[in-house]
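The values are calculated or read from the model by the stated rules, or taken from the named source; none is laboratory data. Because the structure is a prediction, the values reported are computed rather than measured. Counting neighbours? That spans all protein chains shown, and the Cβs are built from the backbone with ideal geometry, glycine included.
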Protein chains: 4
Amino acid sequence: MDIGIIGLGKMGGNMAERLRRAGHTVVGFDRSPDSARDVDSLEALVERLPAPRLVWVMVPAGGPTQETVKQLGGLLSEGDVVIDGGNSRYTDDLVHSEMLAPKGIGYLDAGVSGGVWGLQNGYALMVGGSAEDVAKAQPIFDALKPEGDSGFVHAGPVGAGHFAKMVHNGIEYGMMQAYAEGYELLSASPVVEDVPGVIKSWTQGTVIRSWLLDLLVLALEQDPELADITGYVDDSGEGRWTVEEAINHRVPAPVISAALFARFVSRQEDSPAMKAVAALRNQFGGHAVHAVAKGEAEAPA
Amino acid sequence: MDIGIIGLGKMGGNMAERLRRAGHTVVGFDRSPDSARDVDSLEALVERLPAPRLVWVMVPAGGPTQETVKQLGGLLSEGDVVIDGGNSRYTDDLVHSEMLAPKGIGYLDAGVSGGVWGLQNGYALMVGGSAEDVAKAQPIFDALKPEGDSGFVHAGPVGAGHFAKMVHNGIEYGMMQAYAEGYELLSASPVVEDVPGVIKSWTQGTVIRSWLLDLLVLALEQDPELADITGYVDDSGEGRWTVEEAINHRVPAPVISAALFARFVSRQEDSPAMKAVAALRNQFGGHAVHAVAKGEAEAPA
Amino acid sequence: MDIGIIGLGKMGGNMAERLRRAGHTVVGFDRSPDSARDVDSLEALVERLPAPRLVWVMVPAGGPTQETVKQLGGLLSEGDVVIDGGNSRYTDDLVHSEMLAPKGIGYLDAGVSGGVWGLQNGYALMVGGSAEDVAKAQPIFDALKPEGDSGFVHAGPVGAGHFAKMVHNGIEYGMMQAYAEGYELLSASPVVEDVPGVIKSWTQGTVIRSWLLDLLVLALEQDPELADITGYVDDSGEGRWTVEEAINHRVPAPVISAALFARFVSRQEDSPAMKAVAALRNQFGGHAVHAVAKGEAEAPA
Amino acid sequence: MDIGIIGLGKMGGNMAERLRRAGHTVVGFDRSPDSARDVDSLEALVERLPAPRLVWVMVPAGGPTQETVKQLGGLLSEGDVVIDGGNSRYTDDLVHSEMLAPKGIGYLDAGVSGGVWGLQNGYALMVGGSAEDVAKAQPIFDALKPEGDSGFVHAGPVGAGHFAKMVHNGIEYGMMQAYAEGYELLSASPVVEDVPGVIKSWTQGTVIRSWLLDLLVLALEQDPELADITGYVDDSGEGRWTVEEAINHRVPAPVISAALFARFVSRQEDSPAMKAVAALRNQFGGHAVHAVAKGEAEAPA
């Protein structure tokens, strides 16, 4: 079937390719003239698609997605369906859906997992929206998802797909941090001599085997002591939203929040909080503080 | 080759069976007469094994393992090797090794992962000890481990195997808690209507796919709302040791410790700490406390 | 000077009393006819005040405060000032301030601390707004605050007062939990025989002496083992907002969030997350789970 | 009365001074010839004291204290009492007590709080040991403790004093971190313009007023943005022991452990754990990593 894809970056470009390999006709648009776009405007994209149209939005969450959906609302017609496959917050979906509904334009939110490996392995899809709209896009979902009986779920009404993806990412934060703490402890212990070997040994037969663990093995094969990179870790928004939603629903989330905070710390040059602790210890105990200028301990005044 | 196995419980019994299927000759001993033991004493076990002997100890960590190793020290001879495959703390290994060394008896510590699925899939093995002793037991390790090029590592000298297994279990705590927090958040949100479906969808193509996730899918197929079990979770010791070793080595372990503490909380009828917080709020704000007798909020005196 | 107070509950009523003792003329309104109100409507309250009027809103945060401020916007005149002394989120203040500004009505947000002890000791006040509006209300602030040179701050523009109060409460969560964890550990150790005595000893000369500690001593004098209350702890919103603002500003907040999550846990009958962990352990290890019906461990099927 | 004090550093020297001001006769020894010592050996110290002797040990915990107590065991006589006022782990006390008991030498462990302010304000004392031994030293305790009816407790048998002091310090870690997180959040928010002013305002009338808060005010008066110190924070052992004892007693300690881990992080040049997380994100998502050499983001290979 025909589908328009807006946004041909790392994710959108690969998804277009996977859909074409499956026999679908993709009309791609990207605002960059240097992209492999098929048309040079949203208007042209809409014109190239037969009605009822299916348009997959794959641009950065927040402003760019909101603006794109708004523009599509002015271009599409009754019976068309917009799919937001980006990492939008699920609350945006409710806004988008209500914006399009009066014109009879359907809306689906699709959480997508798979990263750079998705082209080859398929993308896991968590979808929110009406059964009717999901049915219209099902051939597309079938082509994008991995083979087998998993990798796709119609999670609930509009918003459910991005909510599920958000939780997926929150879990991802926690799992990565768990592996990372274990890695650091192995590295810190003098008794373990072959840290990459231990981690590789875990990839078969253990309780903690996983795809992430396989990737850690790959990373350690390339750089056994991770000597070439720094411990600076960005966060994309979904970890933050997961903790916020946990708070909204009164769900304790000590592990996911610890993983999130570890990323915040990783990006600080120095910690204002720990300056305050150092200052307090100096005040009550005369404990030496590390002066900024010298970078070394000195006796308090 | 020939091997003695001491302890024929859930783990030891299955390991004996896997070794026999691989063509090895196993002499099994268990202190219980109701077990499938081949001999009724340690002495008999030692007599039945040709020298140099290989004896695998698979009894509870702590006292039982310590006592068994001590007794073996009196029965075995130069060139024999004792393997502790239980969940001993790695510091015990150093004691055991030094106890046996004067008699020329070798010692290996083997961290074993795989649970009840190990008979079929193989057991991941993390081994500590000398290269010479490891070589003597290699055919046994090869039979126990899963197929493929992973699932076994000679991690370092005595203690390294159990240290690696301890870290493995610490990671396991963190991963399980990450999934659990995600599960609770999905369940708490009204927008996600098919929680088991979402979790099953994650098993292919996602960043968080893993064997533990597969098991969560199985558990939810049997009991979609986990209505038949309570949230009471034991801990086996290795999670505690992981946090203690993290402290020893000044390694931050917020995720693993949060997972450990969540288990402590899960086993409390009521929390003394939260009683103290409730008492404080009552003192400064006149906030209602929940009286024990009535179990409901009442105005403070 | 004259001031109107809306809301004569535990806080508002005591504040009115403290202001009267200081010689100010208070016109009190509460929607409850059973309160000690001076007038029976907002309209009457506004009429009784000489211009320029000062009106202190002390009703529950959220809807009630928003509605009250909106109504006041329709009743007050240029040069009057509204003070929100409740526990509003600071983002509400920006809305309120913009709503009143076109009519020339000033707006101040005042974070208030002190609880039931404020009548006697004074209330700490953190105020946000313009210097001009603060000056108008200064005599009121001076009467409410404790004696001495602290207890009042003009923290910044509109919103700064409630932001500061929110952070104050977040710190309060962390401090209470720190004491509570210490209390539980003392209680758990067999070596410490006089737990209330230890805690009382800390109230002089130690690094951790504080008013909260004094209150814990009082609570333990009334109930040395906290036997009469349960560990069920509400949270008022400001702890949640503190963590959310920490996330907004990328500030690591492991201690405050841990304290918040402990409260969530304290209110759960059972933990869905820990059910999931128990289910996982049962799946991979055959570990016994606690069945709901029996409340005791049983072997897995 | 007469007392010997071993160790005349920051703490021991001030305590000797406070005792002398109270009319007691102090014989001080320190291994450093540059100290204000009265005698130049332990033997001389013992000789100068009338029997039954009271000797206060105030040297670093661990090896130095253990060695000193051992030597005293060889020099003292039946009826004498040794008091360990250092920051020893309570498990050391049990060893020391058993070492001295056969000779009839009493033993007390005294947890001491007060820091550099103790000379002036008095030292809070938490004491473990027999009632008989406590009675012998009571005049000394009375002189050291602050005025008033608090500041001293006989917490239980040998070990109880140091256990109580350990918990005190654990609470201290949690409280400082709570203030520190609040300080960082205030500093991060653009709406609060007077951070030191807000914190000073909290010192009267609020729920979170405390001596530590007073010290934070002092620190901010000296350096309003804490610009002159770095966020590098040592830990003295008692925070580590608190978490370990919490684990021993299955007491959840999320706040105290978070505060401890924050100190570990504060001392790391780079975090091996966060390197691992960065490496994982690069593997699955092609997220840029920060190369060590350049210190800036670069596209993955």
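Of all residues in segment D:215-240, exactly one satisfies the criterion of being outside any loop (DSSP other than H, G, I, E, B), touching a His at 6+ places or on another chain (Cβ under 9 Å) and under 15 Å from D:K165 (Cβ atoms), namely D:E238. Taking the conditions exactly as written (facing chain B (nearest Cβ under 7 Å), surrounded by 24 or more Cβ atoms within 10 Å (Cβ to Cβ) and in contact with a helix residue (DSSP H, G or I) (Cβ under 6 Å, 6 or more places away or on another chain)), does A:V198 satisfy them or not? Criteria met by A:V198.
Return a yes/no flag: does segment A:169-176 have any residue that is assigned by TED's automatic domain parsing to the domain that holds A:V59 and touching a Lys or Arg at 6+ places or on another chain (Cβ under 9 Å). No, there is no match, as no residue in segment A:169-176 is assigned by TED's automatic domain parsing to the domain that holds A:V59 and touching a Lys or Arg at 6+ places or on another chain (Cβ under 9 Å). As a summary of the residue check, C:Q204 satisfies the conditions (1) within 20 Å of the chain's Cα centre (by Cα); (2) outside any helix (DSSP H, G or I) except for the one numbered (1). Between C:V167, C:V158, C:V207, the distinction of being over 19 Å from D:M176 (Cβ atoms) and either out of contact with any Ser or Thr (no Cβ under 8 Å at 6 or more places or on another chain) or facing chain D (nearest Cβ under 9 Å) (or both) belongs to C:V158 only.
Checking each residue in segment B:237-260 for being more than 24 Å from C:A262 (Cβ to Cβ) and polar (S, T, N, Q) picks out only B:N248. Each residue in segment B:6-43 was checked for being in contact with a helix residue (DSSP H, G or I) (Cβ under 7 Å, 6 or more places away or on another chain) and among the charged types (D, E, K, R), and 4 of them qualify.
Take the conditions (1) touching a helix residue (DSSP H, G or I) at 6+ places or on another chain (Cβ under 7 Å); (2) buried (at least 24 other Cβ atoms within 10 Å of the Cβ); (3) in a helix (DSSP H, G or I); (4) within 7 Å of chain C (Cβ to nearest Cβ); D:L212 misses just one of them, which is (2). Against the conditions (1) more than 7 Å from every other protein chain (Cβ to nearest Cβ); (2) assigned to a helix (DSSP H, G or I); (3) not acidic (D, E), A:N87 satisfies every one except (2). Applying the criterion of being touching a Phe, Trp or Tyr at 6+ places or on another chain (Cβ under 6 Å) and part of a strand (DSSP E or B) to the residues of segment B:4-57, the residue that is surrounded by the most Cβ atoms within 10 Å (Cβ to Cβ) is B:I6. For segment B:58-73, check the following and say yes or no: at least one residue is in a strand (DSSP E or B), under 23 Å from the mean Cα position of the chain (by Cα) and either at pLDDT 95 or above or not assigned by TED's automatic domain parsing to the domain that holds B:T25 (or both). No: segment B:58-73 contains no residue that is in a strand (DSSP E or B), under 23 Å from the mean Cα position of the chain (by Cα) and either at pLDDT 95 or above or not assigned by TED's automatic domain parsing to the domain that holds B:T25 (or both). All conditions but one from (1) over 20 Å from D:A124 (Cβ atoms); (2) of a type in the set (S, T, N, Q); (3) within 7 Å of chain C (Cβ to nearest Cβ); (4) surrounded by fewer than 24 Cβ atoms within 10 Å (Cβ to Cβ) apply to D:Q177; the one that does not is (4). In this structure, does A:V265 turn out to be touching an Asp or Glu at 6+ places or on another chain (Cβ under 6 Å), modelled with pLDDT of 95 or more and either assigned to a helix (DSSP H, G or I) or of a type outside the set (D, E) (or both)? Answer is no for this residue. Could you tell me which numbered condition B:A288 fails, if it satisfies all but one of (1) more than 7 Å from every other protein chain (Cβ to nearest Cβ); (2) out of contact with any strand residue (DSSP E or B) (no Cβ under 6 Å at 6 or more places or on another chain)? Going through the list (1) more than 7 Å from every other protein chain (Cβ to nearest Cβ); (2) out of contact with any strand residue (DSSP E or B) (no Cβ under 6 Å at 6 or more places or on another chain), B:A288 breaks only (2).
Return yes or no: is C:S150 in contact with a His (Cβ under 7 Å, 6 or more places away or on another chain), farther than 22 Å from D:K145 by Cα and free of Cβ contacts under 8 Å to residues at least 60 places away in the same chain?
no
Checked against the criterion of being in contact with a helix residue (DSSP H, G or I) (Cβ under 8 Å, 6 or more places away or on another chain), crowded, with 24+ Cβ neighbours inside 10 Å, facing chain B (nearest Cβ under 9 Å) and of a type in the set (S, T, Y), the candidates C:Y183, C:Y232 yield just one match: C:Y183. Within the option set D:A246, D:A278, D:A258, being touching a Pro at 6+ places or on another chain (Cβ under 7 Å), surrounded by 24 or more Cβ atoms within 10 Å (Cβ to Cβ) and assigned to a helix (DSSP H, G or I) holds for one residue only, D:A258. Taking the criterion of being touching a residue at least 12 places away in the same chain (Cβ under 8 Å) and surrounded by fewer than 16 Cβ atoms within 10 Å (Cβ to Cβ), the residues of segment D:72-82 that qualify are D:S77, D:E78, D:G79.
Would you mention how many residues in segment C:137-155 are of a type in the set (F, W, Y) and at the interface with chain D (Cβ under 9 Å from one of its Cβ atoms)? Spell out how you get there, then give the answer.
We begin by selecting, within segment C:137-155, every residue of a type in the set (F, W, Y); these are C:141, C:152.
Of the ones still in play, those that are also at the interface with chain D (Cβ under 9 Å from one of its Cβ atoms) are C:152.
The number of residues fulfilling the criteria is 1.
The residues in segment B:147-167 that are buried (at least 23 other Cβ atoms within 10 Å of the Cβ) and part of a loop (DSSP other than H, G, I, E, B) can be counted, and the count is 3.
Per this entry, A:L108 is counted among residues that are outside any helix (DSSP H, G or I) and at pLDDT 95 or above. Within segment A:31-39, can one find any residue that is modelled with pLDDT of 95 or more and among the hydrophobic types (A, V, I, L, M, F, W, C)? Yes, because at least one residue in segment A:31-39 is modelled with pLDDT of 95 or more and among the hydrophobic types (A, V, I, L, M, F, W, C).
For segment A:120-136, the criterion of a residue being assigned to a loop (DSSP other than H, G, I, E, B) and more than 8 Å from every other protein chain (Cβ to nearest Cβ) is satisfied by at least one position. Any residue in segment A:248-255 that is outside the structural domain of A:I171 (by TED's automatic domain parsing), over 23 Å from B:Y173 (Cβ atoms) and of a type in the set (S, T, N, Q)? No: segment A:248-255 contains no residue that is outside the structural domain of A:I171 (by TED's automatic domain parsing), over 23 Å from B:Y173 (Cβ atoms) and of a type in the set (S, T, N, Q). Exactly one residue out of A:D142, A:D149 is among the acidic types (D, E), under 25 Å from the mean Cα position of the chain (by Cα) and within 23 Å of A:V57 (Cβ to Cβ), and it is A:D142.
The residue that is nearest to A:S271 (Cα to Cα), among those in segment D:221-245 that are free of Cβ contacts under 8 Å to residues at least 40 places away in the same chain and small (G, A, S), is D:G231.
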